[in-house]
Amino acid sequence: MYQTLLTTLADNIYIITINRPDKLNALNTTVIDELGSAIDEIYNNQEIKSAVLTGAGAKAFVAGADISGFSGLTKEQGMALAKKGQDIFFKIERSAKPIVAAVNGFALGGGCELAMACHFRICSDNAQFGQPEVNLGLLPGYGGTQRLTQLIGKGRSLEMLMSGNMLNAANALQYGLVNAVVSQEELLNKAKSILSVINSKAPLAIAKCIECANAAGQPNDEGYALEIKSFGDCFGTEDMKEGVAAFMEKRKPVFKSR
Ligand code: COA
């Protein structure tokens, strides 16, 4: 179905594998377009409760935007490229269903930005994170200056952005860029086991957790106001009534996303 992605759906978990291992899964326009379609699938397919993004091969998650497409671009074309990538990465970040990055090697440039647009990240012990765009006379264009700063703080972010230095898995864990480090063999199972727990919870409440967390840091306490509204909205759901009833009756809840 896709030229540059492999997808599977089992146990309500959709796995998207970026599949250009000979180019370290670099994001060319086909990958970006196909990623957009695969994210639409997450939004629209009722069988999908959550998703994992990973890269094919043993070496890379994604080694960046495809540099071979950069030469000869004008200012305007550069802006259009960044805008298109940002729009798709926003779609990942704003998905009502959790999307986790399973980083299995290099996550550089647009690859690090892609991982950061996901709701959280786990990685294998050979992972390397970096924003090496300064080596090309560039800076990140797919949201990296913003999300890296939010995730690891301004000082650490600016050091990475300005030096182009890579972070290994242990340092990424220490910085809070990833939630867990496992072996490459264990990586997908680790992602699936975290998501199977999340998939057993009330989907409407999960969606609101994502929406409110995305609103953190907005001015004028807007995130707090959204939390109040979301909390109230949950009282109008069947799932909240089921969750509370199940607790009182000492049984497992059965959520229906209603
Ligand atoms: N865009 C296009 N092609 C890329 C790429 C990218 N971002 N990253 C890797 N590739 C290609 C290489 O050109 C090479 O292709 P070739 O075999 O046709 O020559 C292939 O992937 C393998 O990469 P190679 O550089 O030979 O692997 P390595 O193990 O020696 O080095 C990296 C790995 C990740 C350190 C190195 O590939 C690299 O620095 N990549 C660019 C990272 C970057 O700057 N990303 C930000 C882009 S904005």
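The values are calculated or read from the model by the stated rules, or taken from the named source; none is laboratory data. Quick caveat, the model's predicted, so the values are computed rather than measured. Virtual Cβ from ideal backbone geometry, glycine too; neighbours counted across all protein chains shown. For accessibility, only protein heavy atoms count, side chains too; no ligands or nucleic acids. Shrake-Rupley method; radii C 1.70, N 1.55, O 1.52, S 1.80 Å.
In this structure, residue 238 and residue 218 have a Cβ-Cβ separation that, at R0 = 30 Å, corresponds to a calculated FRET efficiency of about 0.50.
Residue separation of residue 96 and residue 174 scaled by 0.36 nm, minus their Cα-Cα distance, works out to 25.3 nm of gained length. Rolling a 1.4 Å probe over the heavy atoms of the protein chains gives the chain an accessible area of 52 Å² per residue. Relative to the dominant Cα principal axis of the chain, helix 203-214 is inclined by about 50°. Ranking 215, 29, 160 by how far each Cα lies toward the positive end of the dipole of the chain (charges on Cβ) leaves 215 at the top.
Over the chain, calculate the relative contact order: mean separation of alpha carbon pairs under 8 Å at least 6 apart, over the residue count, as a percent.
Rounded, it is 15 percent for the chain.
Taking Cα atoms only, the orientation of helix 187-199 departs from the longest principal axis of the chain by about 30 degrees. Beta bridges assigned by DSSP with both partners in the chain are antiparallel in approximately 25 percent of cases. For the range 161-169, backbone phi angles converted through the Karplus equation (6.51, -1.76, 1.60; θ = phi - 60°) give residue-by-residue couplings of 5, 8, 8, x, 5, 8, 9, 7, 4 Hz, Gly and Pro being listed as x. The residue 73 and residue 37 beta-carbon pair, evaluated with R₀ = 22 Å, returns a calculated FRET efficiency of approximately 0.40. For residue 106, the residues whose modelled amide H falls within less than 5 Å of its own, excluding neighbours fewer than 5 places apart on the same chain, are 60, 61, 128.
Rounded to the nearest 20 debye, the dipole magnitude of the range 5-185 is 400 debye, with +1 charges on Lys and Arg beta carbons, -1 on Asp and Glu beta carbons, and the Cα centre as origin. I'd like the carbon and sulfur percentage of the solvent accessible area for the chain, probe radius 1.4 Å, heavy atoms only, ligands and nucleic acids excluded. Carbon plus sulfur share of accessible area: 56 percent. Kindly express, to the nearest 10 degrees and within the range 0 to 90, the angle between helix 222-235's C-alpha long axis and the longest C-alpha principal axis of the chain. Tilt relative to the chain: about 40 degrees.
Rolling a 1.4 Å probe across all protein chains gives residue 209 an accessible area of roughly 90 Å².
The modelled label-to-label distance for the pair residue 185/residue 258, using points 7 Å beyond Cα in the direction of Cβ, is 4.6 nm.
Any idea which of 112, 9, 246 is furthest toward the positive side of the dipole for the chain, if Lys and Arg beta-carbons carry +1 and Asp and Glu beta-carbons -1? Ranked along the dipole, the leading option is 246.
Taking 0.36 nm per intervening residue step and subtracting the Cα-Cα distance, what contour gain separates residue 1 from residue 30 on full extension?
Once the chain is fully extended between residue 1 and residue 30, it gains 9.2 nm.
Among the protein heavy atoms, those of residue 22 account for about 130 Å² of accessible surface (1.4 Å probe, every chain in place).
Using Cβ point charges alone (K and R +1, D and E -1), the dipole size of the range 3-105 about the Cα centre works out to roughly 260 debye.
Residue 198 sits with roughly 40 Å² accessible to a 1.4 Å probe, with DNA, RNA and ligands left out of the calculation.
For the cross-link pairs 84/241; 97/229; 49/154; 75/154, the ones whose C-alpha atoms lie over 31 Å apart are 84/241; 49/154.
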